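Take a look at the structure below.
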Amino acid sequence: MLVVMTDMTTYAEALREVSAARGEIPARRSYPGYLYSDLASLFERCGRIRGRPGSVTVLPVLTMPGGDITHPVPDLTGYITEGQVVFSAEAHAHGLYPPVDPLASLSRLMRNGAGPGRTRADHLDVAAQLLSALARARQVRDLAELIGVSGLSRTDQAYLDLEQAFRTEVLGQSPGEARTLDDTLDRVWRVLLRLPRSELSMLPASLLEGR
């Protein structure tokens, strides 16, 4: 069973109004002090029931007022859930679907469910290298706004090329597309190989052989 909860920010704001009407002592940004435990009681209903088949997956959806991830609702939610997928207004403005921000998104359980014997032997190494490359690309993009693309080194320009290729070849999908994990990892490989081999320092030599 999949349970989708939306919008938890609106729920938290209603909880704040009820708390104020009761005359309770406010905490951070006037939200009640029990906001964390209240959200946890909702989110942590996921899992399995002993002796019964099936499972319950909870997917809470919330908005970040002003795009502020440190706002109490997304901040507390991040402490409760084991991962988060963050949508980016910038990616949406570029027409990307889904407009995911890979550097802000995370999974605390990925290493327990990926790698040899679970997904693919190269999964964790490729994911780590991609995130590192995207972080560097973001820094290069900020630098390019100051000195212009022509002032960048060839390596820095390769990172900008990688970022654009990631958006079009990996991130961007049609709403009805059913992409497999193997296909996604193969696409990530093609994107990473746009960089000089010397920049792929997080990938073992055994994985780079034959690529």
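The values are calculated or read from the model by the stated rules, or taken from the named source; none is laboratory data. Quantities reported herein were computed from a predicted structural model and do not represent experimental measurements. Positions of Cβ are generated from backbone atoms using ideal geometry, with glycine treated the same way; all protein chains shown enter the neighbour counts.
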Please go through the range 80-97 and pick out each residue that is aliphatic (A, V, I, L, M), farther than 13 Å from residue 164 by Cα and assigned to a loop (DSSP other than H, G, I, E, B).
85, 86
Of all residues in the range 168-188, count the ones that are in contact (Cβ under 8 Å) with a residue 60 or more places away in the chain, surrounded by fewer than 16 Cβ atoms within 10 Å (Cβ to Cβ) and in a helix (DSSP H, G or I).
2
What are the pairs with Cβ atoms under 9 angstrom where one residue, in the range 32-44, is more than 16 Å from residue 59 (Cα to Cα) and in contact (Cβ under 8 Å) with a residue 40 or more places away in the chain and the other, located anywhere, is polar (S, T, N, Q) and outside any strand (DSSP E or B)? Sequence gap at least six, or different chains.
35/19
What is the one condition in (1) part of a helix (DSSP H, G or I); (2) loosely packed, with under 15 Cβ neighbours inside 10 Å; (3) within 16 Å of the chain's Cα centre (by Cα) that residue 59 does not satisfy?
(1)
What is the number of the single condition among (1) more than 17 Å from the chain's Cα centre (by Cα); (2) modelled with pLDDT of 90 or more; (3) among the small types (Gly, Ala, Ser) that residue 66 does not meet?
(2)
Qualifying positions in the range 4-49 - surrounded by 11 or more Cβ atoms within 10 Å (Cβ to Cβ), over 16 Å from residue 71 (Cα atoms) and basic (Lys, Arg)
45
I'd like the full set of residues that are under 13 Å from residue 129 (Cα atoms) and in a loop (DSSP other than H, G, I, E, B), limited to the range 197-211.
200, 201, 202, 203, 204
Give me the residue from the range 75-120 that is acidic (Asp, Glu) and modelled with pLDDT of 90 or more and, out of that set, nearest to the chain's Cα centre (by Cα).
101
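Looking at 167, 120 in this structure, which one is closer than 18 Å to residue 105 by Cβ and in contact with a helix residue (DSSP H, G or I) (Cβ under 9 Å, 6 or more places away or on another chain)? Please lay out each step first, then the result.
Details: 120 fails: closer than 18 Å to residue 105 by Cβ.
Going through 167, 120 in turn, just one is closer than 18 Å to residue 105 by Cβ and in contact with a helix residue (DSSP H, G or I) (Cβ under 9 Å, 6 or more places away or on another chain): 167.
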Which one of the conditions (1) surrounded by fewer than 15 Cβ atoms within 10 Å (Cβ to Cβ); (2) small (Gly, Ala, Ser); (3) touching a residue at least 24 places away in the same chain (Cβ under 8 Å) does residue 95 fail to meet, given that it meets all the rest?
(3)
Flag if residue 29 is assigned to a loop (DSSP other than H, G, I, E, B) and touching a residue at least 24 places away in the same chain (Cβ under 8 Å)
no
Quick one: how many residues across the range 138-167 are within 21 Å of residue 204 (Cα to Cα) and either under 19 Å from the mean Cα position of the chain (by Cα) or not in a helix (DSSP H, G or I) (or both)?
1
Can you spot a residue in the range 121-136 that is modelled with pLDDT of 95 or more, over 21 Å from residue 85 (Cα atoms) and outside any loop (DSSP other than H, G, I, E, B)?
no
May I ask you to list the residues in the range 49-81 that are without any contact (Cβ under 8 Å) to a residue 40 or more places away in the chain and of a type in the set (Gly, Ala, Ser)?
51, 66, 67, 78
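Just to be sure before I move on: is residue 1 surrounded by 11 or more Cβ atoms within 10 Å (Cβ to Cβ), aliphatic (A, V, I, L, M) and within 30 Å of residue 173 (Cβ to Cβ) in the structure I sent? Give the steps one after another, and end with the answer.
Details: surrounded by 11 or more Cβ atoms within 10 Å (Cβ to Cβ): no; aliphatic (A, V, I, L, M): yes; within 30 Å of residue 173 (Cβ to Cβ): yes.
No.
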